[in-house]
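S.K.: Just dropping this structure here.
Read-outs: derived from the displayed coordinates by stated rules, not from any lab. The shown structure was predicted, so the numbers you read here are calculated from the model rather than taken from an experiment. Every residue, glycine among them, receives a Cβ derived from its backbone with ideal geometry; neighbour counts consider all protein chains shown.
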Amino acid sequence: MSPSRLLSNQSRERDWENASTASSPASIPEYTGPKLYKEPSAKSNKYIIHNALSHCCLAGKVNEPQKNRILEEIEKSKANHFLILFRDSSCQFRALYTLSGETDELTRLAGYGPRTITLAMIEGIYKYSSDRKRFTQIPSKTMSMSVDAFTIQGHLWQTKKPGTPKKPGTPK
C-alpha cells in the first residue's frame, strides 16, 4: 500500500472510532419526553363493536333490552376480538361471536346462530366505519383483526319447519 493510502485508511479508522463514541448511549442525554414506543398489546375491537351495536345494528328504543344484554356479555368476556354475525348482506344482526386465536373457530357469545363457526363456513366479511356508522363489505376472504362482522353461507341457517297445512275454508 502506498503511504498516502495508508494515511487515508488510518484517518478513516479514527473517524469511525470517534463517530462510534460520539453516538454511544453515555454521550446522548436521557430522553424525558413522551414515550413513543408502546409495548405491543392484544388489540381489541370492543369499543368498535360497542359503537356498531349502539348506532347501527341495535339502535333505537325497541332494541335496547337486547343491546344491553349483549353489551353485558361483552364486558364479562375475557376475549379481545368480537365479531357480529349478520343474516345476509342486508346486515341484519343475529349474534355476537368471539374469535379464538388457537383454533381459528368463532364461538357464539350471544344471539342466534350456530354455536361454533369455522372459517370455511364464512361467506362475506365486513368492516365497521365509525364515522359513517355503517358496515362495508371487504373484498377479502381472510379473517383478521380488522374484521368486525361476517355472514355465513345461506344453507347453514335453519329453515322453519313446514307447519301443518291449514284446512280449506268451509263454503257457506
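S.K.: Past 20 Å, Cα to Cα, is the threshold; run LYS67/LYS141; LYS76/LYS141; LYS46/LYS76; LYS76/LYS127 against it and keep the listed order. Present the calculation step by step, with values, prior to reporting the outcome.
M.R.: On the way: LYS67/LYS141 28 Å; LYS76/LYS141 30 Å; LYS46/LYS76 12 Å; LYS76/LYS127 24 Å.
Beyond 20 Å between Cα atoms: LYS67/LYS141; LYS76/LYS141; LYS76/LYS127.
S.K.: For Cα pairs less than 8 Å apart in space and 6+ apart in sequence, what is the mean separation divided by the residue count of the range 46-154, i.e. the relative contact order in percent?
M.R.: 25
S.K.: Another one. Return one quarter of the surface area of the convex hull spanned by the alpha-carbon atoms of the range 46-154, equal to its mean projected area, in nm². Provide the component values of the computation, followed by the final result.
M.R.: Values: hull surface 25.9 nm².
It is 6.5 nm².
S.K.: Tell me the label-point distance for the pair LYS78, ILE48, using the 7 Å Cα-to-Cβ offset, in nm and rounded to one decimal.
M.R.: 2.4
S.K.: Find how much the distance from MET121 to GLU30 grows on full extension, using 0.36 nm per residue of separation minus their present alpha carbon separation; answer in nm with one decimal.
M.R.: Values: separation 91, 0.36 × 91 = 32.76 nm, distance 5.38 nm.
27.4 nm is the gain from fully extending MET121 to GLU30.
S.K.: Within the set of other residues whose C-beta is less than 15 Å from the C-beta of SER130, count the net charge using Lys and Arg as +1 and Asp and Glu as -1.
M.R.: +3
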